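For reference, the structure discussed in these notes is given below.
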Amino acid sequence: MESLQTSDPRTVKGRIHSLDTFGTVDGPGIRFVLFMQGCALQCMYCHNPDSWDPSAGKPMTVEQVLEEVEPYLTYYQGSGGGITVTGGEPSLQPHFVAKLFHEVHKRWKLHTALDSSGFNEPESIADLLNEADLILLDLKQINREKHIKLTGQPNDRILKFAQWLSDHGKKMWIRHVLVPEINDAYEDLLGLGQFIGTLKGVEKVEILPYHRMGVYKWEQMGKIYPLEGIRTPTDKEVERAQRIIELGRTGNIG
Ligand code: SF4
């Protein structure tokens, strides 16, 4: 593996799903959001199933991505924003994303955020994690068996990933997509809060209400949508989940 310092941004390539030059929900301020191709999970609620195949997407060099960022720099800098790399799962292309973050820091001192499912060995992507100013970590279900049902994989590696971030002083925003009947049971939300309560560096816990905006992609791909009949949670249900997670996290009713 080439080093971050010596590798050439004109030759380091990644496979890109899509990009958004004006993101406002994936980290602080206005952000350039890059969606990477490829994911190791298959979440039932995924709104980007077309990002799963690691051989699909469009190859781009780090330099080509930087050319897309550059015209909007004043928005990102003026709003306290930056660049967020998400997916798919961005840590599956660690050298590309680490090099991108490295160049963004070097050229513009811009804030970098990695939005990850945490399904990777942290030791093997330490360069990438060290270049990220903030990790947006998706914790989907604390119950191991239910996690397998929801994502196709157990959550052991993800919880270990979170522990590594905590032990290495990384700043985290924890994100939890709330899906009625799937991950809104009292004991699961309480357990999730209790686990978050053991972590250092957690600046924020965000509940993201499940939505059905990606259903058409499943249909276009000829896949059966596994959450047919499941609705978006109400504001009250989101507030309830927030209260229970907070209770688990702090021992206090918020
Ligand atoms: S981790 Fe994200 S991209 Fe991957 S399947 Fe789950 S929701 Fe989709």
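Return a whole-number percent for the relative contact order of the chain, with Cα pairs under 8 Å and 6 or more residues apart as the contact set. The partial results should precede the final answer.
Numbers: 497 pairs, mean separation 42.5, N = 254.
Value for the chain: 17 percent.
I need MET60, MET44, MET221 ordered by Cβ neighbour count within 10 Å, fewest first.
Details: MET60 20, MET44 16, MET221 11.
Least to most surrounded, the residues fall as MET221, MET44, MET60.
Go ahead and set up a Gaussian network model of the chain, Cα springs under 10 Å, then flag whichever of PRO226, PRO59, PRO71 fluctuates most.
Maximum among the listed residues: PRO71.
How do ARG240, ARG31 line up, fewest other C-beta atoms within 10 Å first? Don't skip to the end; give the middle numbers.
Working: ARG240 17, ARG31 27.
Ascending number of Cβ neighbours within 10 Å: ARG240, ARG31.
Restricting to DSSP H runs of at least four residues, report the calculated mean residue ellipticity at 222 nm for the chain, -39500 (n - 2.57) per run over all residues, nearest 500 deg cm²/dmol. Intermediate results must be reported in sequence, preceding the final value.
On the way: 9 runs with 89 residues, N = 254.
Helices in the chain give a 222 nm mean residue ellipticity of -10000 deg cm²/dmol.
Which whole-number value in Å³ per residue fits the convex hull of the alpha carbons of segment 1-118? Don't skip to the end; give the middle numbers.
Details: hull volume 11.6 nm³, N = 118.
Measuring per residue, one finds 98 Å³ for the Cα hull of segment 1-118.
How much of the DSSP beta bridge set in the chain is antiparallel, as a percent to the nearest 5? Could you put the intermediate results ahead of the total?
Working: 9 of 33 bridges.
Rounded to the nearest five, the antiparallel share is 25 percent.
Just for the Cα atoms in segment 106-235, what are the lengths along the principal axes, largest first, rounded to whole Å?
That works out to 46, 36, 30 Å along the principal axes.
Suppose every Lys and Arg Cβ carries +1 and every Asp and Glu Cβ carries -1, with no other charges. What dipole size does the chain come out with about its Cα centre, to the nearest 20 debye? Don't skip to the answer; put the middle values down first.
Working: 28 positive and 34 negative charges, 38 e Å.
Taking the Cα centre of the chain as origin, the dipole is about 180 debye.
Do you know the relative contact order of segment 122-208, to the nearest whole percent, from alpha carbon pairs under 8 angstrom that are 6+ apart? Don't skip to the answer; put the middle values down first.
Numbers: 102 pairs, mean separation 29.5, N = 87.
Computed over segment 122-208, the figure is 34 percent.
Counting residues in the chain as N, plug N into 2.2 N^0.38 Å and put the Cα Rg over that result.
Normalised Rg, Cα atoms only: 1.00.
Need the C-alpha centroid separation for segment 141-194 versus segment 1-80, integer Å.
24
Relative contact order for segment 177-254: what percent, with Cα pairs under 8 Å and sequence separation of 6 or more? It would help to have the intermediate numbers written out before the result.
Numbers: 83 pairs, mean separation 38.8, N = 78.
Here the relative contact order equals 50 percent.
Just check segment 50-141 against the gyration tensor rule for me: Cα atoms, a ≥ b ≥ c as the square roots of the eigenvalues, rounded for a/c under 1.5, and otherwise prolate or oblate depending on whether a/b exceeds b/c. Don't skip to the answer; put the middle values down first.
Values: a/c = 1.66, a/b = 1.37, b/c = 1.22.
Since a/c reaches 1.5 and a/b is larger than b/c, the shape of segment 50-141 is classed as prolate.
Considering only Cα-Cα distances, which of the following residue pairs are longer than 25 Å: LYS140/LYS200; LYS106/LYS170; LYS200/LYS236? Could you put the intermediate results ahead of the total?
Working: LYS140/LYS200 19 Å; LYS106/LYS170 20 Å; LYS200/LYS236 29 Å.
Violating the 25 Å Cα-Cα cut-off are LYS200/LYS236.
Where nothing but the Cβ of Lys and Arg (+1) and of Asp and Glu (-1) is charged, how large is the charge dipole of segment 1-130 around its Cα centre, in debye to the nearest 20? Walk me through the numbers on the way to the answer.
On the way: 9 positive and 16 negative charges, 55 e Å.
Charge dipole of segment 1-130: 260 debye, to the nearest 20.
What ranking do HIS211, HIS102 get, fewest neighbouring Cβ atoms within 10 angstrom at the top? Each step should come with its number before you reach the end.
Numbers: HIS211 13, HIS102 22.
Final ranking by Cβ density, sparse to dense: HIS211, HIS102.
What is the extension gain from THR232 to TYR216, computed as 0.36 nm multiplied by their sequence separation minus the C-alpha to C-alpha distance, in nm to one decimal? Intermediate values should be presented prior to the final figure.
Values: separation 16, 0.36 × 16 = 5.76 nm, distance 1.59 nm.
Gain on extension, THR232 to TYR216, equals 4.2 nm.
Just name one of GLY193, MET221, MET172: the one whose Cα is farthest towards the positive end of the charge dipole of segment 156-249 (beta-carbon charges, Lys/Arg +1, Asp/Glu -1).
MET172
Here, each number is a calculation from the coordinates, and none is a lab measurement. Not measured: the values here are computed from a predicted model. In this analysis, Cβ positions are derived from the backbone assuming ideal geometry, glycine residues included, and neighbour counts consider all displayed protein chains.
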